[in-house]
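**Q** Shown below is the structure under consideration.
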Amino acid sequence: MKRRGKFAIGVLVGLVALTIGALTTHPLKEVVDSSWANAYPTTKEMVANADAVVMGTVVGVDGVEVSPQADNLIYTNYSFRVDKWIVGSGSSTILLHQMGGAVGLREVSVPDDPPFVVGESNVLFLTEYAPGKYYVMGGPTGRLQVQNGTAKVIAGSSLQIKPGSLESVIQVIASVKTAPAP
Amino acid sequence: MRRIPVVRRLAIVCVISLSLVMFTTNQAYAYHLEPARWNGQPAPGTCCAHVTVGKEATHATSLTAWSNGITAWNSSPALILFDQPSSYKVGLADIDDAGNSSDGRTTYYYLFGYFTSMSAWLNYHWIKLYPLSKSQGVAAHELGHIAGLDHTNGCVLMVPDSPTRASCGISTPQTDDRNGIAAMY
């Protein structure tokens, strides 16, 4: 009887270990693959379809929300400090609404469009979907990362823009904005 | 006349063959696969995998797009068929969400390399503005995800951007998309 009890405990411990192992290596994470409506290969098209193009820094997470739509998707809202309005105008801090995030035990990841990290600097092509509220156009395509004074596209971007100094990239975008129509 | 050594001859043959492959094939891109696929399907390269789907969309435009997307796959030589029984694994729904840039998306869970649950959505906010072929392209793209294909580049169904898909004139599975399916099922 004692031996049977020990065996049962052993099996139970083994099952718990296996479950923990399985969930560690294969987490029950909701993965989202998106088709992007407004991701364009040229700076000209991106600027033409953007409500705003800004340069600045992610300064905080403003909250996480579950969409009231039928898909119940999780969104994270970020506070973004705008250092320069390259196209358009607005306040010095705006809200960025982005797919993905965690609420309780539920976690949603969007591999193509990774979450912002507080402190990271970007040049962003934006759509204003509500006053003062923006989302990045075309997921990864509307998002240039600024590091050590250089701006470059992130993985998964369709935008064909040469990486360069932040000033030169801003100049390229600004020149497209001001170019006369053919 | 001086004979060329065997090793050098082999090298020349290799270089010429590689050049021919590079310049004659237009398959400059390659499919990518999701980290999971559907369990209980035939061996790779064998006809055909079956995935059960059900239309749950509320707008006529979305329902038409899903129907056209299913037809695009089922009438292609891809080794997969999307069946529509009354009880199904993947719901094909829609939303009307102005708050993001996504015109279609597929969400899934997986465990040990196999899908455990999945849903797909068309965003009516965007597709209501699209011509039929473009909305079919989005639906067929999401069905590609449902099959287990990930995004890739080029003029293929699984390119992530709808403007690129539309400018390439693509709304049905291409050779590269079908090759991806054949690698899984």
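**Q** What are the residue pairs meeting all of these: first residue in the range A:116-137, first residue in the same structural domain as A:Gly101 (by TED's automatic domain parsing), second residue of a type in the set (D, E, K, R), Cβ atoms under 7 Å, and 6 or more apart or on different chains?
**A** The qualifying pairs are A:Asn122/A:Arg143; A:Leu124/A:Arg143; A:Leu126/A:Asp51; A:Thr127/A:Asp51; A:Glu128/A:Asp51; A:Tyr134/A:Glu128; A:Val136/A:Arg143.
**Q** May I ask you to list the residues in the range A:108-143 that are of a type outside the set (Val, Ile, Thr), outside any strand (DSSP E or B) and within 18 Å of A:Ser34 (Cα to Cα)?
**A** The initial filter retains those residues of the range A:108-143 that are of a type outside the set (Val, Ile, Thr), namely A:109, A:111-116, A:119-122, A:124-126, A:128-135, A:137-140, A:142-143.
Of the ones still in play, those that are also outside any strand (DSSP E or B) are A:111-116, A:119-120, A:131-132, A:137-140, A:142.
Answer for the range A:108-143, where residues must be of a type outside the set (Val, Ile, Thr), outside any strand (DSSP E or B) and within 18 Å of A:Ser34 (Cα to Cα): A:Pro111, A:Asp112, A:Asp113, A:Pro114, A:Pro115, A:Phe116, A:Met137, A:Gly138, A:Gly139, A:Pro140, A:Gly142.
**Q** While we're here: I'd like to check something: does the range B:145-156 contain any residue that is in a helix (DSSP H, G or I) and over 14 Å from B:Asn74 (Cα atoms)? Lay out the reasoning, then the answer.
**A** Of the residues in the range B:145-156, the ones in a helix (DSSP H, G or I) are B:145-147.
The next check asks that each one be over 14 Å from B:Asn74 (Cα atoms); those that pass are B:145.
For the range B:145-156, residues in a helix (DSSP H, G or I) and over 14 Å from B:Asn74 (Cα atoms): present.
**Q** Another question, if that's okay. Give me a count of the residues in the range A:53-96 that are of a type in the set (A, V, I, L, M, F, W, C) and within 10 Å of chain B (Cβ to nearest Cβ).
**A** Of the residues in the range A:53-96, the ones of a type in the set (A, V, I, L, M, F, W, C) are A:53-55, A:58-59, A:61, A:64, A:66, A:70, A:73-74, A:80, A:82, A:85-87, A:94-96.
Keeping just the survivors that are within 10 Å of chain B (Cβ to nearest Cβ) gives A:70, A:73.
Qualifying residue count for the region: 2.
**Q** Also, quick follow-up: Only one of these is under 12 Å from A:Ala37 (Cα atoms) and free of Cβ contacts under 8 Å to residues at least 60 places away in the same chain: B:Leu129, B:Leu92, B:Leu81. Name it.
**A** Details: B:Leu92 fails: under 12 Å from A:Ala37 (Cα atoms); B:Leu81 fails: under 12 Å from A:Ala37 (Cα atoms).
That would be B:Leu129, the only listed residue that is under 12 Å from A:Ala37 (Cα atoms) and free of Cβ contacts under 8 Å to residues at least 60 places away in the same chain.
**Q** Can you find, within the range A:28-72, the residue that is surrounded by the most Cβ atoms within 10 Å (Cβ to Cβ) among those that are closer than 25 Å to A:Gly90 by Cα and small (Gly, Ala, Ser)?
**A** Checking each candidate, the answer is A:Ala39.
**Q** Which of the following residues is at pLDDT below 95 and hydroxyl-bearing (Ser, Thr, Tyr): B:Tyr185, B:Tyr124, B:Tyr114?
**A** Of B:Tyr185, B:Tyr124, B:Tyr114, the one residue that is at pLDDT below 95 and hydroxyl-bearing (Ser, Thr, Tyr) is B:Tyr185.
**Q** If only one of B:Leu92, B:Leu79 is within 26 Å of A:Lys29 (Cβ to Cβ), among the hydrophobic types (A, V, I, L, M, F, W, C), modelled with pLDDT of 95 or more and touching a Lys or Arg at 6+ places or on another chain (Cβ under 8 Å), which one is it? If you could, list the steps in order and put the result at the bottom.
**A** Numbers: B:Leu79 fails: within 26 Å of A:Lys29 (Cβ to Cβ).
Selected residue: B:Leu92, the only one of B:Leu92, B:Leu79 that is within 26 Å of A:Lys29 (Cβ to Cβ), among the hydrophobic types (A, V, I, L, M, F, W, C), modelled with pLDDT of 95 or more and touching a Lys or Arg at 6+ places or on another chain (Cβ under 8 Å).
**Q** For the range A:97-135, give me the residue count where each residue is among the hydrophobic types (A, V, I, L, M, F, W, C) and away from every other protein chain (no Cβ under 11 Å).
**A** The first filter runs over the range A:97-135 and keeps only residues among the hydrophobic types (A, V, I, L, M, F, W, C), leaving A:99, A:102-103, A:105, A:108, A:110, A:116-118, A:123-126, A:130.
With away from every other protein chain (no Cβ under 11 Å) added as a condition, the list becomes A:102-103, A:105, A:116-118, A:123-124.
So the answer is 8.
**Q** Filter the range B:80-124 down to the residues that are more than 30 Å from A:Glu128 (Cα to Cα), more than 7 Å from every other protein chain (Cβ to nearest Cβ), part of a strand (DSSP E or B) and in contact with a helix residue (DSSP H, G or I) (Cβ under 8 Å, 6 or more places away or on another chain) and list them by number.
**A** Matches in the range B:80-124: B:Ile80, B:Leu81, B:Phe82, B:Val90, B:Met118.
**Q** Restricting the search to the range B:145-173, which residues are under 19 Å from A:Val32 (Cα atoms) and either touching a residue at least 60 places away in the same chain (Cβ under 8 Å) or surrounded by fewer than 22 Cβ atoms within 10 Å (Cβ to Cβ) (or both)? Working first, answer last.
**A** Quick first cut of the range B:145-173, residues under 19 Å from A:Val32 (Cα atoms) only: B:145-153, B:157-162.
Passing the criteria: B:His145, B:Ile146, B:Ala147, B:Gly148, B:Leu149, B:Asp150, B:His151, B:Thr152, B:Asn153, B:Met158.
The values are calculated or read from the model by the stated rules, or taken from the named source; none is laboratory data. Note that this is a predicted model, so its numbers are computed, not measured. Please note: Cβ atoms are built from the backbone with ideal geometry, for glycine as well, and neighbour counts cover all protein chains shown.
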